[in-house]
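Note sheet for the following structure.
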Amino acid sequence: MTDSFEASRRRLLRGALAGAGVGVLTGCDALSRKPGFVDLLERAEPLSQSVQRFLSGDRLAREFPASMISPVFRPNGSVDPQTPEYLALKADDFAGFRLQLRGLVEQPLEFGLDAIRAMPTRTQITRHDCVEGWSVIGQWSGVPLAHLLRLARLKPGARYVVFHCFDDYGNNGGRYYESIDLNDAFHPQTLVAHTLNSAPLPIANGAPLRMRIERKLGYKQPKYLRTIEVVDSYAALQGGKGGYWEDRDYDWYGGI
Ligand SMILES: Nc1nc2c(c(=O)[nH]1)N[C@H]1C(S)=C(S)[C@@H](COP(=O)(O)O)O[C@H]1N2
Ligand SMILES: [Mo]
């Protein structure tokens, strides 16, 4: 399958680059260093991720003009979750929904949708690339994840942000989940999105909230967001590889 081919291609590329030596990593450190969290992050990070970060830098994903927005944002994966708690929230148009932010933070927080919508908002028109080989362009609005993380204040051991979702996806059970590192978590285009193409996020695309992490492939864009958890490691979660598809051998970094 293309998926596993692509995953192994990426692994090969990363392996080759990792072999290219410490000189590259030094350049990486100098270029991507930001005050605060990055220091903490890079010390314990595998070499291959530092090298891939060097390649992508802190660049923004490409943004497009409104004329290029796809007429339909093709839904994929779960499109209508059937878990009882999701159905109950949906029946009330998500009035009872509270996004939880917990884990390695000084101040655990929860937000209703009105509070999220009233927060600083960023709007961006970006392309979504699924590993199945299709792309769509859509306009997203939401609150930068960085804003929420700053409100909650990370504790020193924080290294990853995990997104827990409402949908129970697989035949073998297991809820959809995903994780990213702090570099992507604080990236300006990383949004908790509530709006797609100027309308409330449709059910099929992840209502009421989904993540946009624009330099990542489709499977790293969790929909039906329920809880955001800050952790030092994702090894103890579900299959231990940091995401629903990662537990089924997709690449964790999932960069584009
Ligand atoms: N909770 C959840 N998030 C998910 C999925 C899913 O099945 N459940 N599928 C992923 C995949 S593979 C893709 S391509 C995108 C699809 O997003 P869309 O339905 O808005 O096109 O969502 C991603 N996020
Ligand atoms: Mo996908």
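Only one of the numbered conditions (1) more than 20 Å from M119 (Cα to Cα); (2) away from ligand 2 (no atom under 16 Å from the Cβ) is violated by P222, and that is (2).
Listed by first and then second residue, the pairs with beta-carbon distance under 8 Å, at least 6 apart or on different chains, first residue in the stretch 67-94 and more than 16 Å from ligand 2 (Cβ to nearest atom), second hydroxyl-bearing (S, T, Y) and assigned to a loop (DSSP other than H, G, I, E, B), are P81/Y224; Y86/Y224. Across the stretch 48-63, the qualifying residues are those that are of a type in the set (G, A, S) and either in a loop (DSSP other than H, G, I, E, B) or loosely packed, with under 13 Cβ neighbours inside 10 Å (or both), and the one among them that is modelled with the lowest pLDDT is G57.
Scanning the stretch 120-151 for residues that are away from ligand 1 (no atom under 16 Å from the Cβ) and buried (at least 20 other Cβ atoms within 10 Å of the Cβ) yields V143, P144, L148, L149. When every residue of the stretch 232-255 is checked against the conditions, at least one turns out to be touching a strand residue (DSSP E or B) at 6+ places or on another chain (Cβ under 8 Å), assigned to a strand (DSSP E or B), under 21 Å from F73 (Cα atoms) and more than 14 Å from ligand 1 (Cβ to nearest atom). Scanning the stretch 164-180 for residues that are touching a strand residue (DSSP E or B) at 6+ places or on another chain (Cβ under 7 Å) and either open to solvent by 30 Å² or more (accessible area, probe 1.4 Å) or not assigned by TED's automatic domain parsing to the domain that holds L217 (or both) turns up H164, D168, Y169, R175. Return yes or no: is V161 surrounded by 18 or more Cβ atoms within 10 Å (Cβ to Cβ), in contact with a Lys or Arg (Cβ under 9 Å, 6 or more places away or on another chain) and within 29 Å of D114 (Cα to Cα)? No: the conditions fail for V161.
The sole residue among A193, A118 that is of a type outside the set (S, T, N, Q) and free of Cβ contacts under 8 Å to residues at least 12 places away in the same chain is A118. Counting only residues that are on the phi > 0 side of the Ramachandran plot and either surrounded by 22 or more Cβ atoms within 10 Å (Cβ to Cβ) or not assigned by TED's automatic domain parsing to the domain that holds F166 (or both), the stretch 215-242 holds 2 of them. Quick check on the stretch 209-223. Is at least one of its residues among the hydroxyl-bearing types (S, T, Y) and assigned to a helix (DSSP H, G or I)? Scanning the stretch 209-223, I find at least one residue that is among the hydroxyl-bearing types (S, T, Y) and assigned to a helix (DSSP H, G or I), so the answer is yes.
The values are calculated or read from the model by the stated rules, or taken from the named source; none is laboratory data. Just so you know, these numbers come straight off a predicted model, no measurement behind them. Positions of Cβ are backbone-derived with ideal geometry, glycine not excepted, and every protein chain shown enters the neighbour counts. Just so you know, the surface numbers come from the protein's heavy atoms only, side chains and all, with ligands and any DNA or RNA stripped out. Shrake-Rupley method; radii C 1.70, N 1.55, O 1.52, S 1.80 Å.
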